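A.B. asks: Sharing a structure, written as C-alpha cells. Questions coming.
The values are calculated or read from the model by the stated rules, or taken from the named source; none is laboratory data. Please read all numbers here as calculations on a predicted model, not as lab measurements. Note: ideal-geometry Cβ built from the backbone for every residue, glycine included; neighbour counts use all protein chains shown. Ligands, DNA and RNA are stripped out before the accessible areas are found, and what is left, the full protein with its side chains, is counted by its heavy atoms. Shrake-Rupley method; radii C 1.70, N 1.55, O 1.52, S 1.80 Å.
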Amino acid sequence: MEKKYHIEGMTCEGCRSGVENILKSIPEVTGAKVNLEDKEAVVNSKKSLDIDILRKLLPEKYTITEKNKAPMDLFLSKNQTIQEKSELRKLFPLFLIFGYITIASILLNYNPWNTDNFMLDFMGLFYIVFSFFKILDLKGFPQSFKMYDPLAKLVRVYAWVYPFMEAGLGLMFLMRFKIDIALVLTVFVLGITTIGVTKVLLDKKSIQCACLGTALKLPMTKATFIENTIMLAMAIWMLVKMYM
C-alpha cells in the first residue's frame, strides 16, 4: 500500500534523512522516500497507517498531512489540533492550582510522612482554594453551577451556599474537626457533582466548568471529572479506614 504525505518543517538534508529514517523504522513500513524540495514523503506499508501515530513519532517541528485528503479534511484536522491545544491552555490554571495544593500537602507531612494527614490537608486546601475562586463572583457562580449539578438545578439556594460549604469543609479538614462528618459530606456533595459532570461529558456538551468559579473561564473536560474523583476516592478511603 502506497501513500503520499505532505511534510512541513524540513529545512535541510539532515531533516530529510531524519524524517525518512523515522518512517522506515515503523514495523509496518516496507519502504519510505522523502523529498525535501517537494516536502513530500512516499510511504509503502503492509497496512494503512494511522496519521496520528506518524505525528507522534515525528518531532514537533514537523507537520505531516495526507496528500490525498480533501481540503476540508485537512482544515478540520488542523482545526481539531488547534482546538485541543487551546483547551489545554485554558486548563493550565486548574493544573497549576492542583499542583500547588499537592506540593503544599506533601511538604506539610513529609517528615515524618503521614498518608492520612496528607489526604486531610489535601482535601482541606482543595476546598479552601476552590471556594475562594467561587466567592470571587457569588452572583455568577450559581448560574454556571446549576448548568451541571443535579441538586443545584432543583434547589437554587444550594448553589448560593455551596462556596461557603466548601470553605467550611476545608476548615474542618485543616483543623481536624469532626472529620467523620466532613468526609460524609464530601462524599455526598462531590458525588452529586460528579454525576452531573459525567452526564455532561457523555452528552458531549460544551459548557463552562464552575470548579474555579467564573473568574477563570474553564471548559468542562475529563480533568474536572478526575479532580472530583480523586477527592471522592480520598474521602471514601478515609471513611473505610475510620470504621473498619
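A.B. asks: Provide a single number: the residues in region 8-40 that are open to solvent by less than 30 Å² (accessible area, probe 1.4 Å) and touching a Ser or Thr at 6+ places or on another chain (Cβ under 7 Å).
C.D. replies: Total satisfying the criteria: 2.
A.B. asks: In this structure, does Leu174 turn out to be farther than 14 Å from Met231 by Cα, surrounded by 14 or more Cβ atoms within 10 Å (Cβ to Cβ) and either in contact with a Phe, Trp or Tyr (Cβ under 8 Å, 6 or more places away or on another chain) or free of Cβ contacts under 8 Å to residues at least 12 places away in the same chain (or both)?
C.D. replies: Details: farther than 14 Å from Met231 by Cα: yes; surrounded by 14 or more Cβ atoms within 10 Å (Cβ to Cβ): yes; either in contact with a Phe, Trp or Tyr (Cβ under 8 Å, 6 or more places away or on another chain) or free of Cβ contacts under 8 Å to residues at least 12 places away in the same chain (or both): no.
For Leu174, the condition - farther than 14 Å from Met231 by Cα, surrounded by 14 or more Cβ atoms within 10 Å (Cβ to Cβ) and either in contact with a Phe, Trp or Tyr (Cβ under 8 Å, 6 or more places away or on another chain) or free of Cβ contacts under 8 Å to residues at least 12 places away in the same chain (or both) - is not met.
A.B. asks: Right, another one. Could you list, in sequence order, all residues of region 144-171 that are touching a helix residue (DSSP H, G or I) at 6+ places or on another chain (Cβ under 8 Å), in a helix (DSSP H, G or I) and touching a residue at least 60 places away in the same chain (Cβ under 8 Å)?
C.D. replies: Hit for region 144-171 is Phe145, nothing else.
A.B. asks: Against the definition (at pLDDT below 90, out of contact with any Asp or Glu (no Cβ under 7 Å at 6 or more places or on another chain) and either surrounded by 16 or more Cβ atoms within 10 Å (Cβ to Cβ) or not in a helix (DSSP H, G or I) (or both)), how does Phe133 come out, yes or no? Don't jump to the end; show me each part of the working.
C.D. replies: Numbers: at pLDDT below 90: yes; out of contact with any Asp or Glu (no Cβ under 7 Å at 6 or more places or on another chain): yes; either surrounded by 16 or more Cβ atoms within 10 Å (Cβ to Cβ) or not in a helix (DSSP H, G or I) (or both): yes.
Yes, satisfied.
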